[in-house]
Amino acid sequence: MRRHQSRIAFFLLLTPLVLWLGLLIIIPHIDMLLISLRERISFGVYEPSLTHYEKALTEPLYLRTFWRTAVMSVLATAITLLIAFPVAYYIAKMAKGRLQQVLFMLCLIPFYVSELVRTFGWMILLRETGLVSNLLQWVGLADRPVELLYTDATMMVGLVYTSMLFMVVPLVTTLESLDDSVIEAGYDLGGSGLSVLREIIIPHAMPGIVSGCIVVFMLSLGNYLTPTMLGGKDSLWFTEMIYNQFIVRSNWELGAAFGFMLLILSSVIVWGVLRLTGRTLKETMG
Amino acid sequence: MTPDLECLDLVKRFGDTTAVDNVSFSVPPGSFFSILGPSGCGKTTIMRMIAGFLDPTSGDIRIKGGSVLDTPPNKRPVNMVFQHLALFPMMTIAENIGYGLRRRGMAKGEIGRKVDEALDRIGLPGIGGRKVDELSGGQKQRVAIARCMVLEPDVLLLDEPLGALDLKLREHMKVELKALQAAFDTTFVYITHDQSEALVMSDQIAVMNAGRFEQVGTGQDLYYRPDTPFVAGFIGESNRWKGRIERAEGDTVQLRTDTGLAMRATGATLSEGDMAEIFVRPESIRLADHAEALSSFDNRLKGTVTSLLFNGAASRVLVRDDAGETLEVNLPQSGEFASLKRGDTVHIGWGAGQATCFGAA
Ligand SMILES: Nc1ncnc2c1ncn2[C@@H]1O[C@H](COP(=O)(O)OP(=O)(O)O)[C@@H](O)[C@H]1O
Ligand SMILES: [Mg+2]
């Protein structure tokens, strides 16, 4: 009887998870896969075909956008890591008590407003008639309005800004678990700042670095708002192309094929990073 | 001979708390020096100043005669075994021990040889390839010491290194540490709050209280000839009284405790009318069936056994005298008191030399 009850409880608890995974992730993806693998012959008539993948892989614009998105996402991840590491180190190891909490909150505050509003914030600052442009003219560094929007650099700033928290949090968590005396022992036995960082702090923080990088990479790759609003005319992001195919062109088949390419790309890169750093997904996330 | 380590008028303040207050000591080469004191008295602070992680507010630290105040921690010829050992969990045992040598830029082959030699020295040959968490507490302990000793420091600092071990292992490691110190022939500065660790291992012990050194001396000095009431109370256990001196003849005094007990005791620089604190160790009180057996003692009492505290070799009896005062007395394990039980009448006595007294405010 008891066994029976505990089984019911187990299934009750399992149900939301199964529903969530099934309805929101697995079923749509299976459907997407099927859509991407068919060709529209005429109204309401479809045939299985690989033509959309062929198109995606041969058309220069599509391919270029695909690789650009991948490379820029990797770059955004690297920049985020470089900026977030010292910040996280300061929060975890140098700030004490209240200051630590305040700094942590400061990282969180930008997320109190929606991504859309945040991005508009950047636009207000950076447009031709914006604050920064006026400031530059007032100081005398520019003699006419400067347009700071719609460049790759601006887009990169936006991506890094959006991703910061997702890098800082895992880094702070792993760095906090490093005993101060282990760092001191590193110095005591003759290590310099650089060698302590390389041999002790970074190896210890590796799980945090890897999980932070994976999250930031996936967020950047799948970001839509920031590249669209801050990026330039020719800095098309792959998600924009997916959007265009689905919504503007109503070409669901090609859009679905793009979607699958993005999924495969992120899976391959995450797998590659895990292999490279010799970790399993379980170690990193667990 | 220049001392290996010398601290001169060392002071450390954190805000308005003075953690270390005017401490001076010197440690001769090859000796085992302990700093013994209750938790929070400033021991770790001294250690961290010697290692270079804290700057003293004032005073000087000299190693082999030269001041090291301007030397950063990674350049000081001292190494530290941390309270929780602080082995590098991301490295193997061999990498841990070789870390300092790698930092010095020693050739790979030579590092390997030195590491193997160190592992032999600590009695753990062949464990170089293991991970830190595959070792037992005692093994980690020895690896932490080897990691420092391969660098041949002038002074090795140890901050309560046995604190995390269980009792049995701690007893074993006490002997082992002393043997390792002899084997490496290096100056050890050892801090602990455990008096038996300090007494067993040290050549010299400094007893520390609230940032100051109360007394520096050998274990025997501290035990038999404490300089201050704090040392008398901290080392070993004591029956304590407060009282007034009634007569003083040289070092021997006649006094009466607040509870009305008359006693002869030893205490320099005390004169008639002074208030004093008196300490008598349970192990210096003799227990007897008849008053005659105690005729050689200056202080004698008759009392009733109120309780027997069995603790193997350290068993005690609590004896209440006629004035209603309870004394702790060691119970000899030679068999004559095997049948002692609650309510029995016993006689106790102790010599004036075993009752130490200090002037009190
Ligand atoms: N970094 C610090 N800031 C402020 N006070 C400290 C600091 N380190 C130690 N103290 C204080 O100094 C005193 C001595 O501490 P410590 O040397 O760690 O004692 P012990 O090692 O003898 O237990 C304590 O009262 C402690 O609160
Ligand atoms: Mg301490």
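The values are calculated or read from the model by the stated rules, or taken from the named source; none is laboratory data. Since we're looking at a predicted model, the values are computed, not measured. Please note: Cβ atoms are built from the backbone with ideal geometry, for glycine as well, and neighbour counts cover all protein chains shown. Keep in mind that these areas ignore ligands, DNA and RNA; they rest on the heavy atoms of the full protein, side chains included. Shrake-Rupley method; radii C 1.70, N 1.55, O 1.52, S 1.80 Å.
Points to keep in mind about this one:
- Count - residues of region B:67-82 that are within 28 Å of the chain's Cα centre (by Cα), facing chain A (nearest Cβ under 7 Å) and either on the phi > 0 side of the Ramachandran plot or not in a strand (DSSP E or B) (or both): 1
- Restricting attention to region B:281-305, the residues being open to solvent by 40 Å² or more (accessible area, probe 1.4 Å) and either assigned by TED's automatic domain parsing to the domain that holds B:Tyr224 or over 26 Å from the mean Cα position of the chain (by Cα) (or both) number 13.
- The sole residue among B:Arg342, B:Arg320 that is closer than 20 Å to B:Thr257 by Cβ, modelled with pLDDT of 90 or more and open to solvent by 50 Å² or more (accessible area, probe 1.4 Å) is B:Arg320.
- With respect to the conditions (1) within 25 Å of B:Asp154 (Cβ to Cβ); (2) free of Cβ contacts under 8 Å to residues at least 60 places away in the same chain; (3) polar (S, T, N, Q), B:Thr92 falls short on a single one, namely (1).
- Residue that is under 20 Å from A:Asp180 (Cα atoms) and more than 14 Å from every other protein chain (Cβ to nearest Cβ), where the choices are B:Lys140, B:Lys64, B:Lys43: B:Lys43
- Residue match in region B:18-38 (condition: within 14 Å of chain A (Cβ to nearest Cβ), more than 15 Å from ligand 2 (Cβ to nearest atom), surrounded by 15 or more Cβ atoms within 10 Å (Cβ to Cβ) and not in a strand (DSSP E or B)): no
- Within region B:39-89, the residues that satisfy the criterion of being free of Cβ contacts under 8 Å to residues at least 60 places away in the same chain, open to solvent by 50 Å² or more (accessible area, probe 1.4 Å), away from ligand 2 (no atom under 12 Å from the Cβ) and within 24 Å of B:Leu8 (Cβ to Cβ) are B:Asp55, B:Thr57, B:Ser58, B:Arg62, B:Ser67, B:Leu69, B:Asp70, B:Pro72, B:Lys75.
- Count of residues meeting criterion [of a type outside the set (A, V, I, L, M), closer than 30 Å to A:Asp143 by Cβ and open to solvent by 70 Å² or more (accessible area, probe 1.4 Å)] in region A:95-128: 3
- B:Ile348, sole failed condition from (1) open to solvent by 20 Å² or more (accessible area, probe 1.4 Å); (2) over 29 Å from the mean Cα position of the chain (by Cα): (1)
- Once region B:183-196 is narrowed to residues that are more than 14 Å from ligand 2 (Cβ to nearest atom) and crowded, with 18+ Cβ neighbours inside 10 Å, the residue that is modelled with the lowest pLDDT is B:Phe184.
- When B:Val11 is tested against the conditions (1) within 16 Å of ligand 2 (Cβ to nearest atom); (2) within 30 Å of B:Gly233 (Cβ to Cβ); (3) outside any helix (DSSP H, G or I), the lone failure is (1).
- Qualifying residues in region B:88-102 (those that are facing chain A (nearest Cβ under 8 Å) and in contact with a helix residue (DSSP H, G or I) (Cβ under 6 Å, 6 or more places away or on another chain)) - the one farthest from A:Glu199 (Cα to Cα): B:Pro89
- The residue pairs whose first member lies in region B:172-195 and is among the charged types (D, E, K, R), whose second member is surrounded by fewer than 19 Cβ atoms within 10 Å (Cβ to Cβ), and whose beta carbons are closer than 7 Å, counting only pairs six or more residues apart or on different chains, are B:Lys174/B:Val200; B:Asp185/B:Gly30.
The rows are residues; the columns are (1) assigned by TED's automatic domain parsing to the domain that holds B:Trp350; (2) open to solvent by 40 Å² or more (accessible area, probe 1.4 Å); (3) more than 21 Å from B:Gly324 (Cβ to Cβ).
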position	(1), (2), (3)
B:Gly243	yes, no, no
B:Arg247	yes, yes, yes
B:Val253	yes, no, yes
B:Arg256	yes, yes, no
B:Ala262	yes, yes, no
B:Ala268	yes, yes, yes
B:Met275	yes, yes, yes
B:Phe279	yes, no, no
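- Members of region B:202-234 found to be open to solvent by less than 40 Å² (accessible area, probe 1.4 Å) and free of Cβ contacts under 8 Å to residues at least 60 places away in the same chain, listed by number: B:Gln215, B:Gly217, B:Gly219, B:Leu222, B:Val231, B:Gly233
- Test: residue in region A:7-27 that is at pLDDT 85 or above, in contact with a helix residue (DSSP H, G or I) (Cβ under 7 Å, 6 or more places away or on another chain) and of a type in the set (Ser, Thr, Tyr): no
- Residue match in region B:191-204 (condition: within 14 Å of chain A (Cβ to nearest Cβ), more than 16 Å from ligand 1 (Cβ to nearest atom) and outside any strand (DSSP E or B)): no
- Total residues in region B:1-21 satisfying the condition of being within 16 Å of B:Arg48 (Cα to Cα) and within 16 Å of ligand 1 (Cβ to nearest atom): the figure is 10.
- Considering only residues in region B:150-173 that are open to solvent by 10 Å² or more (accessible area, probe 1.4 Å) and assigned to a helix (DSSP H, G or I), the one that is nearest to ligand 1 (Cβ to nearest atom) turns out to be B:Arg170.
- Qualifying residue in region A:212-227 (condition: surrounded by fewer than 16 Cβ atoms within 10 Å (Cβ to Cβ) and of a type in the set (Ser, Thr, Tyr)): yes
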